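Trainee: Mind having a look at this structure? Questions to follow.
The values are calculated or read from the model by the stated rules, or taken from the named source; none is laboratory data. Fair warning: this is a prediction, and the values are worked out from it, not measured in the lab. Heads up, the Cβs are rebuilt from the backbone with ideal geometry, glycines too, and the neighbour counts pull from every protein chain shown.
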There are 2 protein chains.
Amino acid sequence: MELWYTEKQTENYGITAKISKTLHTEVSKFQALDLIETVEWGTMLVLDGMVMTTDRDEFVYHEMISHVALNTHPNPKKVLVVGGGDGGAIREIIKHPSVEKAVLAEIDGRVIEVSKQYLPDIASGLGDPKVDVRVIDGIKHIQESKQEYDVILVDSTEPVGPAVGLFAKDFYQGIYDALKEDGIMVAQTESPWLNADLIKRVHRDIASLYPVTRYYTVSIPTYPSGLWSFTMGSKKYDPLQVDEAKLFDPPGTRYYSPSIHKSVFQLPKFVEDLIK
Amino acid sequence: MELWYTEKQTENYGITAKISKTLHTEVSKFQALDLIETVEWGTMLVLDGMVMTTDRDEFVYHEMISHVALNTHPNPKKVLVVGGGDGGAIREIIKHPSVEKAVLAEIDGRVIEVSKQYLPDIASGLGDPKVDVRVIDGIKHIQESKQEYDVILVDSTEPVGPAVGLFAKDFYQGIYDALKEDGIMVAQTESPWLNADLIKRVHRDIASLYPVTRYYTVSIPTYPSGLWSFTMGSKKYDPLQVDEAKLFDPPGTRYYSPSIHKSVFQLPKFVEDLIK
């Protein structure tokens, strides 16, 4: 029997991947949670029917949500990840020698547990002594934090279900207040090909709060359209003003390098037009 | 009845798109040729079961195979497209005021005819007086041309069937001989995610012939992995040495702009490693 997993990424379009095994399936308090073994992309974590990460291409998302901000801030010591229960962003954050504490605020503890079990490489940083893993509501944690973090990363699922509040202006205001006076935030902001309205709105909201707002894109084959984006809000530092020659080169990366730090912000014309 | 077109882009992975209508289907002397109306991507041209172009994302491929080379050469007058029967590259080439003649060498006349009928915007340049449309074998035409062209673009299908010869070293040598002494070639070279071996080989072959060899990537959602690449071989001019401020800004583009001319050559680490 040949089994194929098909994700309708839009109502009328999707990807399909041959699977060799279903590893795990459950419905947690927050979402449907599946792990499958695909032939092309390795182990795949699927939440509410949407691909979150795969063994083979996870490095792009995790490196690129983390290192751009951490290499823009001159001395990031305390970092928060909202969401990101698989641990991939944490694994990258703790590569930076300046980081003293990395807090993970994941609402669904089951994501953390299954990631440890089935995606051990991605989750490998979660046991590090610098890492504080908390199964808590990220929105609440943001509300309770004031001038605490150097960098905050919003590593959320799509803007449906438990993640809707992570794309709201109130939330970005809360992050602003939770950041130190020279802090930086980065949020994952979907595909320029398929989520133009969301990208425009988030960019406008972040730009109304942060003096420096920057938008960058990366290639993630198993995400809708293959082109994914992040929006950065920064209170002080501009990622385009760093000295590339002096940037920290995080060990073991496969996508990020100091030499692409600035060029990822160079956008195709139709994408540039989205955030004008 | 709901109809979905599924392309297995690899043996174990693919895309699927809901279609509203099958517009045309035939088997030409060279290949199976289908045109379907998809809800997400508009009209889609499918050759031998592989998506060649769609209304909605065609601009990326056609702008990016053309303008990078034409804006690297200071005065391109005579340009050849091998393949590219849909006419999209031609439409972009003739935007450049210096171009006096653009030759299309397409082996399958049926591709040209159905494109004119079903993809009129893409094919819109084919009737221009500067354009010479020839239904001929591109390999033969290359063999017969000596020091004739300023720019040659290899706008081929995948390296199976009629296009195999378009990825061979002999062919790149022939192109070298068909170019003037300061000529530039660009070939489409598949996906860095899925075609590493081909990319390495082509890069090595082109680098053994041309003093300047450069590799760049673009985002094309309906192509395998969403990340596509082009390899440039240049006898004299380096795309990274142009003065961006002086580049021609082709009218009506949606992807290319002078400001991304150089940044498309900045590669993620795993891609950079492919061509080392």
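Trainee: Is at least one residue of region B:143-155 free of Cβ contacts under 8 Å to residues at least 12 places away in the same chain and not aliphatic (A, V, I, L, M)?
Mentor: For region B:143-155, residues free of Cβ contacts under 8 Å to residues at least 12 places away in the same chain and not aliphatic (A, V, I, L, M): present.
Trainee: Next question, about the same structure. Among the numbered criteria (1) surrounded by 18 or more Cβ atoms within 10 Å (Cβ to Cβ); (2) in contact with a helix residue (DSSP H, G or I) (Cβ under 8 Å, 6 or more places away or on another chain); (3) part of a loop (DSSP other than H, G, I, E, B), which single criterion is violated by B:Lys29?
Mentor: Unmet for B:Lys29, out of (1) surrounded by 18 or more Cβ atoms within 10 Å (Cβ to Cβ); (2) in contact with a helix residue (DSSP H, G or I) (Cβ under 8 Å, 6 or more places away or on another chain); (3) part of a loop (DSSP other than H, G, I, E, B): (1).
Trainee: So which residues in region A:34-50 are more than 11 Å from chain B (Cβ to nearest Cβ) and touching a Phe, Trp or Tyr at 6+ places or on another chain (Cβ under 7 Å), if there are any at all?
Mentor: A:Leu35, A:Ile36, A:Thr43
Trainee: When both residues are 6+ apart or on different chains and their Cβ atoms are under 9 Å apart, which pairs have a first residue that lies in region A:45-57 and is more than 15 Å from A:Val114 (Cα to Cα), and a second that is of a type in the set (Asp, Glu) and modelled with pLDDT of 95 or more?
Mentor: A:Gly49/A:Glu7; A:Gly49/A:Asp34; A:Met50/A:Glu7; A:Arg56/A:Glu40
Trainee: Confirm whether B:Thr253 is at the interface with chain A (Cβ under 8 Å from one of its Cβ atoms) and farther than 23 Å from A:Asp57 by Cα.
Mentor: Answer is yes for this residue.
Trainee: Additional query: Might you check whether a residue that is hydroxyl-bearing (Ser, Thr, Tyr), under 14 Å from the mean Cα position of the chain (by Cα) and buried (at least 18 other Cβ atoms within 10 Å of the Cβ) occurs anywhere in region A:139-149?
Mentor: Scanning region A:139-149, I find no residue that is hydroxyl-bearing (Ser, Thr, Tyr), under 14 Å from the mean Cα position of the chain (by Cα) and buried (at least 18 other Cβ atoms within 10 Å of the Cβ), so the answer is no.
Trainee: Run A:Tyr149 past the list (1) touching a Lys or Arg at 6+ places or on another chain (Cβ under 9 Å); (2) within 14 Å of chain B (Cβ to nearest Cβ) and report the number of the one that doesn't hold.
Mentor: Answer for A:Tyr149: the failing condition is (2).
Trainee: Can B:Thr43 be described as touching a helix residue (DSSP H, G or I) at 6+ places or on another chain (Cβ under 7 Å), crowded, with 24+ Cβ neighbours inside 10 Å and assigned to a strand (DSSP E or B)?
Mentor: Spelling it out, it is not the case that B:Thr43 is touching a helix residue (DSSP H, G or I) at 6+ places or on another chain (Cβ under 7 Å), crowded, with 24+ Cβ neighbours inside 10 Å and assigned to a strand (DSSP E or B).
Trainee: Another question about this same structure. Can you find, within region B:16-33, the residue that is farthest from B:Ser225 (Cα to Cα) among those that are within 14 Å of chain A (Cβ to nearest Cβ) and basic (Lys, Arg)?
Mentor: Result: B:Lys21.
Trainee: If you go through region A:85-118 one residue at a time, how many are closer than 23 Å to A:Tyr255 by Cα and β-branched (Val, Ile, Thr)?
Mentor: Within region A:85-118, residues that are closer than 23 Å to A:Tyr255 by Cα and β-branched (Val, Ile, Thr) number 4.
Per-residue answers, yes or no, for (1) crowded, with 23+ Cβ neighbours inside 10 Å; (2) at pLDDT below 95; (3) touching a strand residue (DSSP E or B) at 6+ places or on another chain (Cβ under 8 Å); (4) small (Gly, Ala, Ser):
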residue	(1), (2), (3), (4)
B:Ile136	no, no, yes, no
B:Ile152	yes, no, yes, no
B:Glu158	no, yes, yes, no
B:Pro162	no, yes, no, no
B:Ile175	yes, no, yes, no
B:Ala178	no, no, yes, yes
B:Ser191	yes, no, yes, yes
B:Ala207	no, no, yes, yes
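Trainee: If you go through region A:218-233 one residue at a time, do you hit one that is over 30 Å from B:Asn195 (Cβ atoms) and either out of contact with any Leu (no Cβ under 9 Å at 6 or more places or on another chain) or within 14 Å of chain B (Cβ to nearest Cβ) (or both)?
Mentor: Yes, region A:218-233 contains a residue that is over 30 Å from B:Asn195 (Cβ atoms) and either out of contact with any Leu (no Cβ under 9 Å at 6 or more places or on another chain) or within 14 Å of chain B (Cβ to nearest Cβ) (or both).
Trainee: So which residues in region B:1-15 are farther than 22 Å from A:Pro221 by Cα and within 12 Å of chain A (Cβ to nearest Cβ), if there are any at all?
Mentor: Within region B:1-15, B:Glu2, B:Leu3 meet the criteria.
Trainee: How many of the residues in region B:51-84 are assigned to a helix (DSSP H, G or I) and either aromatic (Phe, Trp, Tyr) or within 14 Å of another protein chain (Cβ to nearest Cβ) (or both)?
Mentor: Within region B:51-84, residues that are assigned to a helix (DSSP H, G or I) and either aromatic (Phe, Trp, Tyr) or within 14 Å of another protein chain (Cβ to nearest Cβ) (or both) number 9.
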